[in-house]
Amino acid sequence: MMANFGGSCSNKRWSLTGMTALVTGGTKGIGYAIVEELAQFGARVHTCARNESELEACKRNWETKSFQVSYSVCDVTSRAQREKLMEIVSSEFNGKLNILVNNVGSYIRKPTIEFTAEEYEAMMGTNLESTFHINQLAHPLLKASGCGSIVLMSSAAGVVAVDIGSIYSTAKGGMNQLAKNLACEWAKDNIRVNSVAPWLIRTPLTESLCSNKAVVEGFEGRTPLGRVGEAEEVSAMVTFLCMPAASYITGQTICVDGGVTVNGFYP
């Protein structure tokens, strides 16, 4: 049976009113911007992070904006905590979920031959294994909603070679392939799956890079638009992919990168 995404989410193509969403790692950077944007367009959002005080501070800020955001403490590198997170989300949203944004990620930038086995395990666990398992856990809720959208937060480093660490790039490339597979496998369940791949974005995670003038100039020199990106420029794409207006888009890796991944050799 062919999936029918059109019209099954909402009567409003550019609204998320009435929809539910889970965003992992929503207290900082891109994750924070995604929570805000989804909520601004009407979604009820649940987010998670490891630091409860940061979550509480964010929630107070969101309440001043009348955003419907709840939270729970979760370290997504823990299988048991991922399972608990999904139990909380299922209970809160009555067993249905429209939107899942797998945002949590980390990186270590060093030459390949210097990586330890422990670093490999930690990086793959945080970036790829946790995403795979959370998608598994969320599938029944997304299917039950009748209209599901998953966005995997990847990186331009998973599309082209970038000097940011081979393990990080491998994990992000794996996420892009996972999005393609799930998009085809779960289309029958009215679940769309896409991957968003940013270039260098100004966030707390990239603070050390962005504070180095020489490094930033190097990144900007390879970027046709000639600048570092902002978190809100990524959250806009994520939010669009979750809207009814994007109902025929699935299995894609969309780069939010100022043109860097299509740049041949422009000085």
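The values are calculated or read from the model by the stated rules, or taken from the named source; none is laboratory data. Computed from a predicted structure; not experimentally measured. Ideal geometry is used to build each Cβ from the backbone, glycine not excepted, and the neighbour counts take in all protein chains shown. Ligands, DNA and RNA are stripped out before the accessible areas are found, and what is left, the full protein with its side chains, is counted by its heavy atoms. Shrake-Rupley method; radii C 1.70, N 1.55, O 1.52, S 1.80 Å.
Flag: Gly18 does not match the condition of being of a type in the set (Gly, Ala, Ser) and buried (at least 17 other Cβ atoms within 10 Å of the Cβ). Residue count for the stretch 69-93, restricted to those that are touching a helix residue (DSSP H, G or I) at 6+ places or on another chain (Cβ under 6 Å) and open to solvent by 50 Å² or more (accessible area, probe 1.4 Å): 3. Residue selection: Val104 satisfies the criterion of being in contact with a strand residue (DSSP E or B) (Cβ under 7 Å, 6 or more places away or on another chain), open to solvent by 10 Å² or more (accessible area, probe 1.4 Å) and either in contact (Cβ under 8 Å) with a residue 40 or more places away in the chain or not in a loop (DSSP other than H, G, I, E, B) (or both).
Based on what the data block shows, is Ala156 aliphatic (A, V, I, L, M) and more than 22 Å from Phe115 (Cβ to Cβ)? Spelling it out, it is not the case that Ala156 is aliphatic (A, V, I, L, M) and more than 22 Å from Phe115 (Cβ to Cβ). Looking only at residues of the stretch 150-173 that are under 14 Å from the mean Cα position of the chain (by Cα) and part of a loop (DSSP other than H, G, I, E, B), we find that the one that is nearest to Leu241 (Cα to Cα) is Ser154. Reported count of residues in the stretch 107-138, each being hydroxyl-bearing (Ser, Thr, Tyr), assigned to a helix (DSSP H, G or I), under 30 Å from Ser149 (Cβ atoms) and in contact with a helix residue (DSSP H, G or I) (Cβ under 7 Å, 6 or more places away or on another chain), is 2.
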